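What follows is one structure encoded as structure tokens, with my remarks underneath.
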Amino acid sequence: MHVPRLRSLPVWQQDALIALVTWVAGALVYTAGIHRLLTSHDHAPLWVRLLELTALCGLELLRRRVPWALLLATAVLAVDIWISPSLPVVVIFTDFLYAATLYGSRRMSRVMIGVAAFSVVGVLSAVLLLGQEWRTAVLAAVSVLPFVLTPVWWAANVRQQRDIAETERANAGQLAKIAELDRKAAVAAERGRMARDLHDVIAGHLSAIAIQSEAALSMPDAKVARAVLESVRENSVSALEEMRAMIGLLKAEGDAETTAPARLAELSKLVESARASGLEVRVESTVEGLPLPAAVDLTAYRITQEALTNAVKHAPGGRVAVDIRVREGVLAVEVRNDVRRPHRADGAGTGLLNMRERAAAVGGELTAGPAGEGWLVRAELPVSPR
């Protein structure tokens, strides 16, 4: 047979069970005649004691409704003291002190602690002033005071531990929310990084493929057309390799070996692709052989790739000047081109947005806009701590 635990029962059932057990125990004490505290003979009949007991146990059903339950219980205690103090009433009254301290408001709990402290001084003072035999009076006071101090102290301790537990649960909930927000932010950042990489691969290589294919179809010179088609094939192979490397990285678990990312050392491939698309490209670079941070190296490569792709789109057949050099711990990347058609100067394009995000990710800055009769993309990327 399964017997449910007391804490698993509804609150009203818990209080009803407490009241029932208390009444039975109190009735046995009264029937046995061992309830007297101060006198050797009880002048009150048994039915009066049982009536007090029934009233007090009935109030146990309201023990969590502070302060009404405590006030009514105090009234029953006063009647019992007027008749003659009895053990069951005093013991049951301690439960109301416990309940008032534990279940009452914070203010009520502080009041109960104050009342308990005041009762120590008050009772001892009263017995010393009114008692005929001070030793007997002090002994009686010391015997009665634990019935007041113990339940209040115990309940205050339980309440403190409960408040600490609630605070810890609230803190744990806040930490869980923060962790969830951090996780979502990390996922969003990773998605943004993946979107930038996909855009660079697709917009860079595939845009060049489209433009070069169109140019090859309109070229009467078979030799030039073959050179353009070779560039188309090279861009196609590069796009496939980078896409394969990216997909492999997403599928990999642990420290899987993947294809190395593009670097400025491969800048010549971008330049040849742009030239095959009809641009006249001039390159000045002083970073060959310099040890650059991997993130900065990749960022500079991607920004140059995006700038050349935009030049192919917006200034076909124009001139482009690429200048890459390191000055005072900063890698400066400049791509300047003629303007045959207006660029999107508001910076709302995906390409410009990606370039700015890439620069900001490594602690750098990027500006893009009209410069004289052309268009200038300039990125400053730190290569050493500032």
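The values are calculated or read from the model by the stated rules, or taken from the named source; none is laboratory data. What you are looking at is a predicted structure, and each value in this text was computed from that prediction instead of being measured. When we count neighbours, we look across all protein chains shown, and the Cβ atoms used for this are built from the backbone with ideal geometry, even at glycine.
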*From the set of residues in region 271-300 that are without any contact (Cβ under 8 Å) to a residue 40 or more places away in the chain and assigned to a loop (DSSP other than H, G, I, E, B), which is surrounded by the most Cβ atoms within 10 Å (Cβ to Cβ)?*
290
*What do you reckon, is residue 369 more than 39 Å from the chain's Cα centre (by Cα), closer than 30 Å to residue 188 by Cα and either at pLDDT 80 or above or in a helix (DSSP H, G or I) (or both)?*
yes
*Residues being among the basic types (Lys, Arg) and over 20 Å from residue 276 (Cβ atoms): count how many of those fall in region 307-335.*
2
*Would you confirm whether any residue within region 133-147 is more than 26 Å from residue 55 (Cβ to Cβ), modelled with pLDDT under 80 and not in a helix (DSSP H, G or I)?*
yes
*Flag if residue 29 is more than 52 Å from the chain's Cα centre (by Cα), modelled with pLDDT of 80 or more and over 25 Å from residue 111 (Cβ atoms)*: yes
*asked:* Among the residues in region 62-69, are any of a type outside the set (D, E, K, R), within 25 Å of residue 149 (Cβ to Cβ), in contact with a strand residue (DSSP E or B) (Cβ under 6 Å, 6 or more places away or on another chain) and not in a helix (DSSP H, G or I)?
replied: no
*Please determine, by comparing only the residues of region 322-366 that are under 22 Å from residue 268 (Cα atoms) and either in a loop (DSSP other than H, G, I, E, B) or of a type in the set (Asp, Glu) (or both), which one is modelled with the lowest pLDDT.*
338
*Any idea which residue in region 56-75 is farthest from residue 24 (Cα to Cα), counting only those that are surrounded by fewer than 16 Cβ atoms within 10 Å (Cβ to Cβ) and of a type in the set (A, V, I, L, M)?*
71
*Single unsatisfied condition, residue 78 versus (1) in contact (Cβ under 8 Å) with a residue 40 or more places away in the chain; (2) under 21 Å from residue 36 (Cβ atoms); (3) surrounded by fewer than 20 Cβ atoms within 10 Å (Cβ to Cβ)*: (1)
